[in-house]
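Participant: Below are the structure tokens for one structure; questions will follow.
The values are calculated or read from the model by the stated rules, or taken from the named source; none is laboratory data. All values derive from a computational prediction rather than experimental measurement. Cβ sites come from the backbone with ideal geometry, for glycine too, and all protein chains shown count toward neighbours. Surface areas here come from the heavy atoms of the whole protein model, side chains and all, with no ligands, DNA or RNA. Shrake-Rupley method; radii C 1.70, N 1.55, O 1.52, S 1.80 Å.
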Amino acid sequence: MELLPRSPGEFGSARYWDRFFRQRGRRPFEWYGAFPELCPVLRKYVRPRDKVLVVGCGNSELSERMYDTGMCEDIVNIDISDAVIRQMQEQSGSKRPKMSYLLMDVLQMDFPDAHFQVVLDKGTLDAVLTDEEEATLAKVDKMFAEISRVLQVGGRYLCVSLAQAHVLKKAVEYFSQEGWVVRVHQVAGSGDKQQFVLPIFVYVMTKFRKIPGSAPQILEICPEEQDKPMRVESTERLMAAVKDRQHYALLCSQLSKTPCREQVSLDLCDKESGRPRYTLHVVDSPSVKPSRDNHFAIFIIPQGRETEWLFGTEEGRRQLAASARFGRLVTVALHREQHYEGMAGIQAELSGKVMELAPPGLPARQQVPFLSVGGDIGVRKVQHRDTSPVSGEYVVEDVKGDGTSYFRRLIFLRNRNVVQSEARLLGPVPLPGQKKRRKDKKKPDPTEPPVAIDKSYLCCEHHKAMVAGLCLLGGSNPLPGTPLAVLVVGLGGGSLPLFVHDYFLQACVAVVEIDPSMLEVATRWFGFSQGDRMRVHVSDGLDYVAKLAAEVSVLPPAAPAQYDAVMFDVDSKDLTVGMSCPPPAFVEKPFLQKVKTVLKPEGVFVLNLVCRDARLKESVLATLREVFPLLYARHIEGEVNEILFCQPSPEGRQDPAELGARAQALEGALRQPGRPWDSSYVLADVLQAVKIL
């Protein structure tokens, strides 16, 4: 039986609708949801004493249910189909005496001006506005003008729609320009009974007298899960908000039908601020055979640990899902700008939303477990937040790691999933269950992290590799008592230059940092300090090295170059390039030649390379080989980072056994009695994975 039109234009044809309703019979045809879904919204705007006009009523039960539930009785229904009007008159005439059905076209109505308090439209606008042809738009203008004419001031035009972009845009622009208040409600879905994948919306246009001049538009949106409307500043923002909800509905529909081959990511935003509150990743494990108890689980990532490899990378999340043995795992990252009321509060807040992401085949009423590390949501305390003209907005925050360890981190919010600098914190960690202090002392707060910086601990694996690279220095080993000149470009929190300064007792360290804010951050929050052997130069690293190279070039030939080691650990501010460290200008051949100029012949240039673009990476390596005859590489496991050790002379090449022996000797010298040392930091193990390129 053919019930759909051959072309969209037939939606406006009385002949089409007559044929449609004759073929369908008396079965109600519910465009865009039935009464139970629409009722919560309609009750907000339809009062029992209102006179209501329903345009394009069809044979929907909506008017009958409104009448029978006492929402409203004075209802006039109109439609252009004679067949459906006669059908509905026979069906409701004697049962509902205060309700009437009239054959009438919404484009030309016979009612007097200001006759109704409410005009209700369920799908009629969508049926009329099938395209953006001039004739169609003229017809819609006529429809809107008639609705405006028959509505009283203060009356509401309630339009139920799928909110296609051109339909929403036309309605919002027309009525907002007339001075009406426009509010868009998302209708709660009806589960498996919902006839449309896309969500249903109700436009609520409230008529006000048009004020001469340019009165401000009032545009609002009400998501399905909240009553309080959110004000938006433009038609474009309103349309974008609706589009986001449509995309989410399509995503949920897709996830409910088939496993996802690629990980899906989405943000759930705070109702009040509109800022992201949760970041979700949906991970399916095809290797896991689903049973009743392992279909679906939610994993809450403890605060501050979302940057770890296991939680912050696709491969890590894939491994996490496989080890958890669930067919579908949704990981949930918590945002630093938000406050959370513990695991129970998060579970209550997310339970309804995450079920929309459930996999196909999930048994009815299945209990979905919420998992985490150690059963809690972690600790995160933002110590400092500011904006730098160079680095943008950044935060310094303390987070709890495994066990009782706390860490301080520097994060640039333009790339919030990357930790720029990290240091372990020292001091007594107050834990629940400790003996109470005397009443005159402040009671310890178990969420308060310690405050002293552990300068002996290198949190970043790439920093461990960079320090280990000093074993490559020619001549005698760089023992702690050997004079050593080191140039570090990129300060961050200062942990790398601090470690070299504190453990190589005769080292003179020069640090170049382009951002003066970072020097303040390192000094105030990461225990960094300057002295006779540690100086910071606030300058562009490119300019500073170029100036040094120019000075060296005018020295007598017998004069030595300035540095035993040059280390680059500088991030790129341009996120559009496939290389986030260093900026591309730092690995161009002319500049690398300047680096070689300031380096002693037996010295080493250490570069932290973070490059996701394989072709660009190969180009960088080729340029380095052109300048430095000897090139070693150390990949950081689980990271994109690769540490490159470059030497000016091929004669400095060392075999693995010799390198291992030098590493053991250096570590033995660094491990002095009374001086703390991270037992997990074994130089020989770091260098064992070094390969010659």
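Participant: Can you give the relative contact order of the range 258-371 as a percent, counting alpha carbon pairs under 8 Å and 6+ residues apart?
Facilitator: 32 percent
Participant: Would you tally the net charge around residue 309, using a Cβ to Cβ cut-off of less than 13 Å, leaving residue 309 out, and scoring K and R as +1, D and E as -1? Could the numbers behind the result be given before it?
Facilitator: Values: positive: 305, 317, 318; negative: 306, 308, 314, 315, 461, 637, 639.
Here the count lands on -4.
Participant: Continuing with the same structure: Report in % the part of the accessible area of the chain that belongs to carbon and sulfur, leaving out ligands and nucleic acids; probe 1.4 Å.
Facilitator: 51 percent
Participant: Over the chain, calculate the relative contact order: mean separation of alpha carbon pairs under 8 Å at least 6 apart, over the residue count, as a percent. Display every interim value, and only then the final one.
Facilitator: On the way: 1294 pairs, mean separation 44.5, N = 693.
Result for the chain is 6 percent.
Participant: Label points 7 Å out from Cα along the Cβ direction at residue 675 and residue 111: separation in nm?
Facilitator: Each label point lies 7 Å from its Cα, and together they span 8.9 nm.
Participant: OK, next. At a Förster radius of 51 Å, what calculated FRET efficiency corresponds to the Cβ-Cβ distance of residue 593 and residue 132, to the nearest 0.05?
Facilitator: Given R0 = 51 Å and the Cβ-Cβ separation, E is 0.25.
Participant: Please turn the phi angles of the range 46-61 into ³J(HN,Hα) values with the Karplus equation 6.51 cos²θ - 1.76 cosθ + 1.60 (θ = phi - 60°), one per residue in order, whole Hz, x for glycine and proline.
Facilitator: 10, 9, x, 8, 5, 8, 10, 10, 10, 9, x, 5, x, 10, 5, 7
Participant: Once the piece of chain linking residue 310 and residue 418 is laid out straight, how much longer is it, given 0.36 nm per residue of separation minus the C-alpha distance between them?
Facilitator: That works out to 37.5 nm of additional length.
Participant: Tally Lys and Arg at +1 and Asp and Glu at -1 over the other residues with C-beta under 12 Å from the C-beta of residue 171: what net charge comes out?
Facilitator: Value of the local net charge: -2.
Participant: If you don't mind, another one. What full-extension length gain, to one decimal in nm, is calculated for residue 405 and residue 506 as 0.36 nm per residue of separation minus the Cα-Cα distance?
Facilitator: Here the answer is 33.2 nm.
Participant: Right, next: At 7 Å along the Cα-to-beta-carbon direction for both residue 325 and residue 165, put a label point, then send me their distance in nm to one decimal.
Facilitator: Label-label distance for residue 325 and residue 165, simple model: 4.7 nm.
Participant: Here's something else I'd like to know. Find the accessible area per residue for the chain; the probe is 1.4 Å, ligands and nucleic acids are left out, and the unit is Å².
Facilitator: On the way: 32900 Å² over 693 residues.
Spelled out: the 1.4 Å probe surface of the chain, per residue, equals 47 Å².
Participant: With runs of 4+ DSSP H residues as the only contributors, calculate the mean residue ellipticity of the chain at 222 nm using -39,500 (n - 2.57) per run, divided by the residue total and rounded to the nearest 500.
Facilitator: Helices in the chain give a 222 nm mean residue ellipticity of -9000 deg cm²/dmol.
Participant: From the square roots a ≥ b ≥ c of the eigenvalues of the alpha-carbon gyration tensor of the range 460-692, which class results: rounded (a/c under 1.5), prolate (a/b over b/c), or oblate?
Facilitator: rounded
Participant: Please compute the length gained on full extension between residue 275 and residue 89, using 0.36 nm multiplied by the number of residues separating them and subtracting their Cα-Cα distance.
Facilitator: Full-extension gain reported as 61.9 nm.
Participant: How much accessible surface does residue 256 have with a 1.4 Å probe, in Å² rounded to 10?
Facilitator: 50 Å²
Participant: Output the pairs from 169/353; 44/207; 98/170; 44/228; 594/617 with a Cα-Cα distance over 23 Å in this structure; if there are none, say none.
Facilitator: On the way: 169/353 28 Å; 44/207 16 Å; 98/170 34 Å; 44/228 12 Å; 594/617 21 Å.
Checking Cα-Cα distances, 169/353; 98/170 exceed 23 Å.
Participant: Give me the aspartates and glutamates in straight-line cross-link reach of residue 547: C-alpha distance below 17 Å, same-chain residues under 8 apart excluded.
Facilitator: Partners within reach: 513, 588.
Participant: On to the next question. Considering only the other residues whose Cβ falls under 11 Å of the Cβ of residue 298, what net charge follows from Lys and Arg at +1 and Asp and Glu at -1?
Facilitator: +2
Participant: So, in Å, what gap is there between the alpha-carbon centers of the range 590-605 and the range 616-652?
Facilitator: Cα centres, the range 590-605 to the range 616-652: 13 Å.
Participant: If I take R0 = 51 Å and measure r between the Cβ atoms of residue 178 and residue 356 in this structure, what FRET efficiency does the formula 1/(1 + (r/R0)^6) give, to the nearest 0.05?
Facilitator: That gives a FRET efficiency of 0.90.
Participant: Still on this structure, I have one more. Give me the one-decimal nm value for the distance between modelled label points at residue 233 and residue 343, 7 Å along each residue's Cα-to-Cβ direction.
Facilitator: In this crude label model, residue 233 to residue 343 measures out at 4.2 nm.
Participant: Could you give P(r) for the range 543-638, binned at 10 Å from zero, as whole percent values over all Cα-Cα pairs?
Facilitator: Reading the bins upward from 0: 15, 47, 29, 9, 1.
Participant: Right, next: Quick check on the chain: take the gyration tensor over C-alpha atoms, sort the square-rooted eigenvalues as a ≥ b ≥ c, and tell me if it's rounded (a/c under 1.5), prolate or oblate.
Facilitator: prolate
Participant: Out of the range 341-408, which GluC sites (Glu not before Pro) are coil in DSSP terms and have no more than 12 other C-beta atoms within 10 Å?
Facilitator: 341
Participant: Another question about this same structure. What's the center-to-center distance, using Cα atoms, between the range 479-549 and the range 166-185 in Å?
Facilitator: 59 Å
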